[in-house]
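The values are calculated or read from the model by the stated rules, or taken from the named source; none is laboratory data. No experiment lies behind these values; they were computed from the predicted model shown. For neighbour counting, all protein chains shown are included, and Cβ atoms are generated from backbone atoms with ideal geometry for every residue, glycine included.
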Amino acid sequence: MTPLVFFVVVLLFSVAAGILGAILGLGGGVILVPFLALVMGLDIHYAIGASLVSVIATSSGAAAVYVRSKISNLKVGLFLSMATTVGAISGAYLAGIIPDRVLFIIFGVVLAYSALAMFRKRKTELPVGVTSDRVSKALELSDSYHDPALGRDVEYNVTGALPGLGLMYVAGAASGLLGIGSGILKVPAMDLVMRLPMKVSSATSNFMIGITAAASAAVYFLRGDINPFIAAPVAIGVLGGAMAGTHFLHNFTSSGIRTFFVVILVLVSLQMLLKGVGVAFY
Amino acid sequence: MSPDADSRSLAVEQPFYTGRERVRKAQAQAQGGTLKKLGEALLSEAFVGNLLRYGVFASVAVCAIGAIMFFVDYGLGGNVQSIIQYSANPAFPQSIAALEHGVAVLDPLALSAAGLLLLVALRVMQVLLSAVTFGVRGNYKFVGISLFVFAVLVSSLFLGKAGG
């Protein structure tokens, strides 16, 4: 493979990952890392480093749109970022110490969980009867947003701020360790524990993902694991894909794509696990 | 609608329930403070959104320029592994100071790396800007929260090497 072909292949795959990521509310890292590590045969640390960059680009692209539409709750995002950033640095350090095989296995397990989480029907109705807890009240986390699908403004309260903070540390650590945005871990935490409306959880997660990834990206960069020849086409492709994908989002039912993606995730998860225990097909 | 949501919609009339932020906003509107309005506009969600959008475009453009320069300088031949080795070599700029030099001599891959670092720096700036936003609005709890996140991000830029 010549350098130009390599560059173009990585670029095109990243465009696809960016589109999918924006539609499904993921950073795209869950498919980029396996692609770079398994298909392109790169060192998994380079794969993770490039993926972190893609996560920042996707999140910035998506966050720009969501922040303007005021669906994302900036206060909740910043509050939870206190935990995700510290978690991300812990994860990034851990990735430098543990053996590659263990990384593959952990990645496979997280992918399997992601597939399961996506497979279960996500509840879309708005949470009712939520009373703000003490911390949320003190920080005035309650807010409202305009829902174009419902055609009205939705007011909501926030609860479980401290348990949410604890879960975000774990999500941040997964992000730093595996180079994923870990939106799949952040959204359920906000959705189920903090009782935010689904759309607010997704948009706020997208806002936070980039800040989380920035914390671990710095660690990878200084370690030489963000390789510009790999990460540049990834960043360019993912940003292009994400900008295109975000415009499909608002009134889009993505159940078909979701099912397809679940199948892909299961297959990729198996591949990563097999690679981790030392079985390779090619 | 919950009783709580009802009382929230009366926020402006019930300063006891609302925080400093909404009260100040209401006061600023009542007084028509031009400077405050300007501050609000500059630091509004729309501005942050635009900063993110255009900043990301700019940093990715720097990345792309580096990549194009690379192919112009070194042609289409060569070996992928050795290119990756080149930038993985400890001699390749991996600190901010070394990167400055790489960019100054127009090393194409160093330029791409600078674009990637700019992408990271943008998110750090975004957090610092939100600290200022909350400061203007008089919400000092969130000034503290933003500054905490900012400090964590900045420290990650200096802690990095130890993990290797």
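Contact map, the range A:133-153: residues that are without any contact (Cβ under 8 Å) to a residue 24 or more places away in the chain paired with residues that are charged (D, E, K, R) and crowded, with 19+ Cβ neighbours inside 10 Å, Cβ distance under 7 Å, separation 6+ or inter-chain. Pairs shown: A:S142/B:R8.
Screening A:R195 against (1) closer than 29 Å to A:S269 by Cβ; (2) out of contact with any helix residue (DSSP H, G or I) (no Cβ under 8 Å at 6 or more places or on another chain); (3) at pLDDT 85 or above leaves a single unmet condition, (1). Restricting to the range A:200-244, and then to whatever is facing another protein chain (nearest Cβ under 8 Å) and polar (S, T, N, Q), can you tell me which residue is surrounded by the fewest Cβ atoms within 10 Å (Cβ to Cβ)? Out of the qualifying residues, it is A:N227. If you check A:L150, A:L167, A:L162, A:L178 for being more than 11 Å from chain B (Cβ to nearest Cβ), modelled with pLDDT of 90 or more and surrounded by fewer than 18 Cβ atoms within 10 Å (Cβ to Cβ), only one passes: A:L162. When the residues of the range B:130-147 are filtered to those that are within 16 Å of the chain's Cα centre (by Cα) and surrounded by fewer than 18 Cβ atoms within 10 Å (Cβ to Cβ), the one that is modelled with the highest pLDDT is B:L147. Based on what the data block shows, is A:S81 within 7 Å of another protein chain (Cβ to nearest Cβ) and modelled with pLDDT of 90 or more? Criteria met by A:S81.
Per the conditions (1) more than 19 Å from A:N206 (Cα to Cα); (2) crowded, with 21+ Cβ neighbours inside 10 Å; (3) within 20 Å of the chain's Cα centre (by Cα), the sole criterion not satisfied by A:N157 is (3).
Please go through the range B:50-75 and give me each residue that is of a type in the set (V, I, T) and either facing chain A (nearest Cβ under 9 Å) or under 15 Å from A:M243 (Cβ atoms) (or both), ordered by number. Residues satisfying the conditions are B:V56, B:V60.
Here A:V135 clears all of (1) surrounded by fewer than 22 Cβ atoms within 10 Å (Cβ to Cβ); (2) in a loop (DSSP other than H, G, I, E, B); (3) among the hydrophobic types (A, V, I, L, M, F, W, C) except the condition numbered (2).
Looking only at the range A:67-122, count every residue that is without any contact (Cβ under 8 Å) to a residue 12 or more places away in the chain and within 17 Å of the chain's Cα centre (by Cα) and tell me the total. Qualifying residue count for the region: 2.
In the set A:V30, A:V5, A:V9, A:V55, only one residue is at pLDDT 85 or above, within 30 Å of A:P197 (Cβ to Cβ) and β-branched (V, I, T); that residue is A:V55. For the range A:181-199, residues that are part of a helix (DSSP H, G or I) and either within 14 Å of another protein chain (Cβ to nearest Cβ) or within 26 Å of A:A112 (Cβ to Cβ) (or both) total 12.
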